[in-house]
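First comes the structure, then the notes that go with it.
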Amino acid sequence: MNPHANMIIMSSLILGPMITITSNHWIMAWVGLEINMLAIIPLIAKQHHPRAIEASIKYFLTQAAASSLLLFSIINNVWNTGQFDITQSTNTMSSTMMTAALTMKLGLAPFHYWLPETLQGTTTMMTLILTTWQKLAPLTLLMMINQSLNTSLLVTLSLLSMMIGGWGGLNQTQLRKIMAFSSIAHLGWMTMILTLSTKLTLLTFYTYITLTTTMLLTIKLLETNKMSTAMTSWTKSPMLNAMMMLNLMSLAGLPPLTGFMPKWLILQELTKNHMTIIATTSAILSLLSLFFYIRIAYYSTITLPPNMTNYSQQWRHKNQQKPYLPLMIITSSMLTPIMPTFMMIM
Amino acid sequence: MALSFKLLENVFLSSKCHRQNALHPFCGPLLTNCISKLYSSYRRPGTSPDNTPLWKMNFSFENGVDWIKKNFGLLKKELVDHVKGPEGRGFEEYFLEQTRVVWEFRSQKDLDEWVVSSDAEIGGKSEAYLKLGKNNQTALLFGTLSTEAPRDGETGYSGYCAIRAKLLKGAFDTKKYYDWSNFNSLYLRVRGDGRPWMINIYTDPYYSHQKDDLYTYFMFTRGGPYWQEITIPFSKFFLSSWGRIQDDQYPLWLDKISSVGFTLGDKADGPFQLEIDFIGLLNDRAHTEEFAYEKYERNPKA
């Protein structure tokens with residue numbers, strides 16, 4: 001890409017969520033979302049492959065629809081309350097519409113259909129940005145208006161997301177689509193606890209970013225996009241392949257890995273608030289996601305010669321060292337024992 | 001707004017529009033011999049418009065019940081297959097298979113999965129037919145190619161015949177796709193007459209501006225009594241749109257394949273025959289090419 005265009009796009013991509021996060025005025029927050037959306041469209045379509053173009057159009061249409069719904073809800077809120085302050089969004093109908101708009105931007109069920117297709121059509125790095133950085137601004141807005149959100153609606157959307165995230169990823173063979181459904185399920189966990197404890201939502205979000213970034217960087221380093229090529233990726237880097245298994249277990253939420261920590265705290269918080277049935281349902285629904293994470297780990301790491309696979313070895317390109325990856329792997333695996341530190345901070 | 005235009009179009013009872021389009025969204029399954037037009041109201045050129053008046057339409061409640069039973073049955077099967085694995089088969093089978101037969105021709109039902117077309121649709125004089133071969137073991141595509149252009153003052157060229165597999169439909173006529181990402185070659189067992197054919201793979205993109213995109217390659221048949229086993233790697237397929245090869249070439253992505261077709265357009269008048277035993281897929285481990293066509297930067301900077 002032209003370096004000047006690249007500079008403008010990257011700076012807009014960083015600027016957009018920053019504007020949204022730091023604003024108190026609804027219009028400024030909306031402007032930040034728009035800048036962010038427009039900046040990422042050329043990045044999604046960078047390859048110019050027909051599927052990449054299709055992914056960018058799907059992303060644009062969904063985000064534009066969500067932005068227009070958000071703007072409509074903002075105007076409605078202003079009409080009813082007379083002010084643009086984000087934290088004073090008290091009108092019920094506006095809050096509901098804002099919930100719908102922001103969940104559409106995040107890719108929560110039932111507005112999740114665009115996410116797997118968009119992630120599948122683009123590169124691994126763009127998948128990383130779409131699943132991590134792009135969630136920052138909408139989730140921040142949800143956290144800012146959490147006091148006026150309908151808990152029942154959010155819990156319903158969360159449970160639906162966990163169910164669809166688990167069910168949809170069950171027989172996927174493309175790793176980017178699996179990460180999309182993983183994202184949907186994790187967002188379900190984040191929004192479940194939003195009205196009860198925003199700090200837990202934030203902790204879950206940071207943990208999710210760490211795990212997803214580690215996983216996608218591993219996928220990029222191993223140059224594998226499908227489960228079939230993941231089966232032969234151990235020849236490139238056996239240690240990284242083994243760590244990928246740990247990272248997958250962490251994503252699944254198995255103790256004593258990092259991913260278990262937010263799930264444990266969320267279930268504890270739900271139980272404290274007498275939402276035991278919802279907590280139990282969430283724990284059971286996470287088993288669906290666990291199944292496909294274990295499946296990837298089994299086929300990529302546990303299935304080794306002399307059990308011959310059906311796939312030939314891949315081309316071995318020059319290994320692009322990522323010096324921060326070992327640190328991220330440690331962070332994504334070993335944070336649970338220092339959970340009391342996080343509790344104190346929170 | 002699009003929905004309001006669609007509704008206006010449907011309820012506008014003029015002699016020039018299809019009256020039954022107004023009913024199809026609501027009671028299509030109840031009509032006898034109703035073809036679902038959920039995707040478009042396209043009428044194939046050469047077919048006469050259906051102007052059956054309303055009072056002559058045969059409404060059948062049984063048809064509606066059968067439609068509901070069939071589609072809920074398909075939905076149940078899809079849900080069960082989703083649990084089993086990709087495309088309803090277990091993961092072990094998915095990972096271990098090296099070959100797969102996708103289309104074979106053993107009965108009329110197999111032939112019904114294909115659509116035959118020729119330039120008769122635009123007024124040409126070619127003919128194409130598809131029937132079962134000897135002992136119901138093969139499909140025989142035969143006919144006559146004529147390059148005589150129709151005299152409509154517009155068309156300058158003519159002379160093509162084609163067959164294409166029908167699109168896969170799921171429950172409630174949802175689109176379904178083939179996932180061929182486990183394979184790297186198309187395998188055909190055919191017996192031709194020496195003519196060159198084009199094989200087209202359609203990936204059914206989501207948006208209409210890409211609907212004419214096809215991935216194409218050539219199949220050169222030998223004449224003679226012996227069967228020909230042709231293996232074409234997917235890396236060889238090039239991108240064309242509306243019949244024109246694109247400057248920017250991209251590899252074929254195999255996770256969302258919609259249809260395969262064969263086209264004959266070699267500008268040679270006369271009869272043709274192509275006998276197809278089966279069309280399958282192959283994971284050729286000796287083939288390591290990812291994409292056959294390199295992209296060169298146009299107007300490179302010095």
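Go over the candidates A:A5, A:A64 one by one and state the one that is more than 14 Å from chain B (Cβ to nearest Cβ), modelled with pLDDT of 95 or more and assigned to a helix (DSSP H, G or I).
When all the criteria are applied, what remains is A:A64.
Helices (runs of 4 or more DSSP H) wholly in the stretch A:189-303 with at least 2 residues that are surrounded by fewer than 23 Cβ atoms within 10 Å (Cβ to Cβ) and β-branched (V, I, T) - which ones?
Because the criterion is at least 2 residues that are surrounded by fewer than 23 Cβ atoms within 10 Å (Cβ to Cβ) and β-branched (V, I, T), the helices (runs of 4 or more DSSP H) in the stretch A:189-303 that meet it are A:198-222, A:276-297.
Only residues that are among the aliphatic types (A, V, I, L, M) and within 14 Å of chain A (Cβ to nearest Cβ): list them for the stretch B:242-288, please.
B:L252, B:L254, B:I257, B:L281, B:L282, B:A286
Out of the residues in the stretch A:109-127 that are within 14 Å of chain B (Cβ to nearest Cβ) and without any contact (Cβ under 8 Å) to a residue 60 or more places away in the chain, which is farthest from A:A52 (Cα to Cα)?
Among those that are within 14 Å of chain B (Cβ to nearest Cβ) and without any contact (Cβ under 8 Å) to a residue 60 or more places away in the chain, it is A:Y113.
Out of the residues in the stretch A:131-162 meeting the condition of being assigned to a helix (DSSP H, G or I) and over 24 Å from A:M97 (Cβ atoms), tell me which one is farthest from the chain's Cα centre (by Cα).
Once the filter is applied, the top-ranked residue is A:W133.
Determine which single condition A:H25 fails, assuming it passes every other condition in (1) away from chain B (no Cβ under 14 Å); (2) buried (at least 21 other Cβ atoms within 10 Å of the Cβ).
(2)
Among the residues of the stretch A:76-90, write down those that are outside any helix (DSSP H, G or I) and in contact (Cβ under 8 Å) with a residue 24 or more places away in the chain.
A:F84, A:D85, A:S89, A:T90
So which residues in the stretch B:195-210 are part of a loop (DSSP other than H, G, I, E, B), modelled with pLDDT under 90 and either under 16 Å from B:G243 (Cα atoms) or among the acidic types (D, E) (or both), if there are any at all?
Within the stretch B:195-210, B:D204 is the sole residue that qualifies.
Any idea which of B:S146, B:S107 is surrounded by 14 or more Cβ atoms within 10 Å (Cβ to Cβ), over 23 Å from B:I257 (Cα atoms) and not aromatic (F, W, Y)?
Of the residues listed, the single one that is surrounded by 14 or more Cβ atoms within 10 Å (Cβ to Cβ), over 23 Å from B:I257 (Cα atoms) and not aromatic (F, W, Y) is B:S146.
If you take the residues in the stretch B:52-90 that are touching a Gly at 6+ places or on another chain (Cβ under 9 Å) and aliphatic (A, V, I, L, M), which one is surrounded by the most Cβ atoms within 10 Å (Cβ to Cβ)?
Filtering first and then ranking leaves B:L74.
Can you tell me which of B:S241, B:S259, B:S235, B:S208 is surrounded by 15 or more Cβ atoms within 10 Å (Cβ to Cβ) and over 25 Å from B:L132 (Cβ atoms)?
Selected residue: B:S235, the only one of B:S241, B:S259, B:S235, B:S208 that is surrounded by 15 or more Cβ atoms within 10 Å (Cβ to Cβ) and over 25 Å from B:L132 (Cβ atoms).
For the structure I just gave you, tell me whether B:L74 is under 30 Å from A:R295 (Cα atoms) and more than 14 Å from every other protein chain (Cβ to nearest Cβ).
Answer is yes for this residue.
When you scan the stretch B:253-282, how many residues do you find that are within 30 Å of A:E117 (Cβ to Cβ) and touching a Lys or Arg at 6+ places or on another chain (Cβ under 9 Å)?
13
If you check every pair at least six apart or on different chains, which have Cβ atoms under 8 Å apart with a residue in the stretch B:101-128 that is farther than 26 Å from B:T231 by Cα first and a residue that is part of a helix (DSSP H, G or I) second?
Close Cβ pairs satisfying both conditions: B:K125/B:D119; B:S126/B:D119; B:S126/B:A120; B:E127/B:A120.
Hey, could you check the stretch A:32-51 for residues that are in a helix (DSSP H, G or I) and within 9 Å of another protein chain (Cβ to nearest Cβ) and say which is nearest to A:M144 (Cα to Cα)?
Filtering first and then ranking leaves A:R51.
Can you go through A:I21, A:I57, A:I40 and tell me which one is more than 19 Å from A:L139 (Cα to Cα) and of a type outside the set (G, A, S)?
Answer to the selection: A:I57.
Just wondering, is there one or more residues in the stretch B:223-231 that are among the small types (G, A, S) and part of a strand (DSSP E or B)?
Scanning the stretch B:223-231, I find no residue that is among the small types (G, A, S) and part of a strand (DSSP E or B), so the answer is no.
So which residues in the stretch A:18-31 are in a helix (DSSP H, G or I) and within 21 Å of A:I75 (Cα to Cα), if there are any at all?
Of everything in the stretch A:18-31, those that are in a helix (DSSP H, G or I) and within 21 Å of A:I75 (Cα to Cα) turn out to be A:I19, A:T20, A:I21, A:T22, A:W26, A:I27, A:M28, A:A29, A:W30, A:V31.
Quick check on this structure: which one of A:M162, A:M125 is of a type in the set (A, V, I, L, M), surrounded by fewer than 18 Cβ atoms within 10 Å (Cβ to Cβ) and over 24 Å from A:S67 (Cβ atoms)?
Result of the check over A:M162, A:M125: A:M125.
Could you grab me the full set of residues in the stretch A:67-93 that are of a type in the set (G, A, S) and either crowded, with 23+ Cβ neighbours inside 10 Å or within 14 Å of chain B (Cβ to nearest Cβ) (or both)?
Result: A:S68, A:S73, A:S89.
Let me confirm something: among A:I184, A:I193, which residue is modelled with pLDDT of 95 or more and either away from chain B (no Cβ under 14 Å) or out of contact with any Lys or Arg (no Cβ under 6 Å at 6 or more places or on another chain) (or both)?
A:I184
The values are calculated or read from the model by the stated rules, or taken from the named source; none is laboratory data. These figures come from a predicted structure and were not determined experimentally. So basically every Cβ, Gly included, is an ideal-geometry build from the backbone, and we count neighbours across all protein chains shown.
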